[in-house]
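Read the structure below first, then the notes.
The values are calculated or read from the model by the stated rules, or taken from the named source; none is laboratory data. Just so you know, these numbers come straight off a predicted model, no measurement behind them. Cβ atoms come from the backbone with ideal geometry, glycine included; neighbour counts cover every protein chain shown. Heavy atoms of the whole protein, side chains included, go into the accessibility calculation; ligands, DNA and RNA do not. Shrake-Rupley method; radii C 1.70, N 1.55, O 1.52, S 1.80 Å.
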Amino acid sequence: MAQQLLAPITQIADQRQKTEAYKGALQQILDSASPEACKEFVSHMLSDEVPLVISRQLLLLFAQGVARLPSATHVAVATAALEKLQPRVVSFEDSVVLLREELAAALEREEEWSKAAQVLSGIDLEGGGRAVEPAYKLKQNIKIAMLYLEDDDSVNAEMYIKKAAALISTCKDEGMELQYKTCYARILDAKRRFLEAALRYYELSSARPSAASSVQLDEADLSTALNAAITCTILAPAGPQRSRMLAALYKDERSSRLEVFPFLQKVYLERILDRSEVEAFAKGLRPHQVATLPGGGTVLDRAVVQHNLAAASRLYSNIGTDQLGGLLGVSAEAAEAIAADMVAEGRMAGSIDQVDQLIHFGAKVEVEALLRWDESIRTACGKVGDLLDQVSALGLAGGR
């Protein structure tokens, strides 16, 4: 079909008439929605029979029109067109950019997140024959990062958000800044840097655009950010920093309106969490937040065990490793190892008696006091020894 329409046009001498004839043929091809006809049109435009000044104009119209085709046809035709155009991208850059933007949007609607990101990343933002505004570069880098995040690909997402970070200082668009901050928080979350992510989410939950800004945030958006901050804080390793963040979230009056608040309350008050509560909380987590860690167990399992250990330290002055393992739902060896790590990292005060298989909570100060006492006795004995040596040297020591 396409060849029958296009072949006679090559014989037209007048450039204006030829252009109009190609426009008419393009409209018929697009109306037919035939993938093969569309591909033949692109091949014809790239042939030596068509002057560059005409092919540029017609391929730009083709890029605009192909987006109106049915989704499956659009994806197939745009993908094939990009393959043909890529070797000559410098000559047809505007058409290629438009094809990539529309194809990425179609793939995004089909939830093909990584494919959409790869298509957008093919746009040359640095070189090429056209000037690229910093705002456009920023927008595309953030968009690509967010698409990769939808597939939990934090590695590629971080690469593009770092490119955006170099441009964000020039941004005057509050909406774009919010997208950047949201994306960065999600990357920290995906990389399991939960405390940092919680802080970013909490800042977002308190965001208030300026009066002059066109950005509007509804309460649902702010509540989502606050909920994410609470989730990340709960998943973070136990310690003083986590405790401070928990306090800020617990005392925020908005938290009491969230479904997760009862769980947050138990965590903040350092009460031991039971399995049913943990399972209910886990239902609202994302895949990376319940991923299995290299040593076994999930991120949530680790957070709950460390929390329950910290809670046990408030209830007991000491406990056997067997009893602690039963309380935490792990082996005695695992309980001892977890306690040792938390004590060594300064996240819990205590000491471990491996002979009696006991863990003493809050004993750090006592141990340090005993060490200071031992050092004082050692110093005093040393001074007494020196004094006796001096007495002996003077011949004043009593004989037998």
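Here are the numbers for the structure shown:
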| quantity | calculated |
| --- | --- |
| Condition broken by Lys283, with the remaining ones in (1) loosely packed, with under 14 Cβ neighbours inside 10 Å; (2) more than 24 Å from Ala197 (Cα to Cα) satisfied | (2) |
| Leu264 being outside any loop (DSSP other than H, G, I, E, B) and under 30 Å from Asn141 (Cα atoms) | no |
| Verdict on Glu126 being at pLDDT below 95, surrounded by fewer than 15 Cβ atoms within 10 Å (Cβ to Cβ) and within 34 Å of the chain's Cα centre (by Cα) | yes |
| Residue count, the stretch 300-317 (criterion: modelled with pLDDT of 75 or more and open to solvent by 70 Å² or more (accessible area, probe 1.4 Å)) | 1 |
| Qualifying residue in the stretch 63-73 (condition: surrounded by fewer than 19 Cβ atoms within 10 Å (Cβ to Cβ), on the phi > 0 side of the Ramachandran plot and out of contact with any strand residue (DSSP E or B) (no Cβ under 9 Å at 6 or more places or on another chain)) | no |
| In the stretch 260-273, residue farthest from Gly326 (Cα to Cα) [restricted to those that are charged (D, E, K, R) and either crowded, with 16+ Cβ neighbours inside 10 Å or without any contact (Cβ under 8 Å) to a residue 12 or more places away in the chain (or both)] | Lys266 |
| Search result, residues across the stretch 144-163 that are buried (at least 20 other Cβ atoms within 10 Å of the Cβ) and either more than 15 Å from Asp189 (Cα to Cα) or in contact with a Ser or Thr (Cβ under 9 Å, 6 or more places away or on another chain) (or both) | Ile144, Met146, Leu147, Tyr148, Tyr160 |
| The stretch 299-326, subset among the charged types (D, E, K, R) and without any contact (Cβ under 8 Å) to a residue 60 or more places away in the chain, residue nearest to Pro237 (Cα to Cα) | Asp301 |
| Members of the stretch 1-51 found to be more than 43 Å from the chain's Cα centre (by Cα), β-branched (Val, Ile, Thr) and closer than 20 Å to Ala80 by Cα, listed by number | Ile29, Val50 |
| Unique match (being open to solvent by 10 Å² or more (accessible area, probe 1.4 Å), under 18 Å from Cys183 (Cβ atoms) and of a type in the set (Asp, Glu)) among Glu40, Glu108, Glu83 | Glu108 |
| Sole residue being in a helix (DSSP H, G or I) and either open to solvent by less than 60 Å² (accessible area, probe 1.4 Å) or in contact with a Lys or Arg (Cβ under 7 Å, 6 or more places away or on another chain) (or both), chosen from Ala238, Ala247, Ala220 | Ala247 |
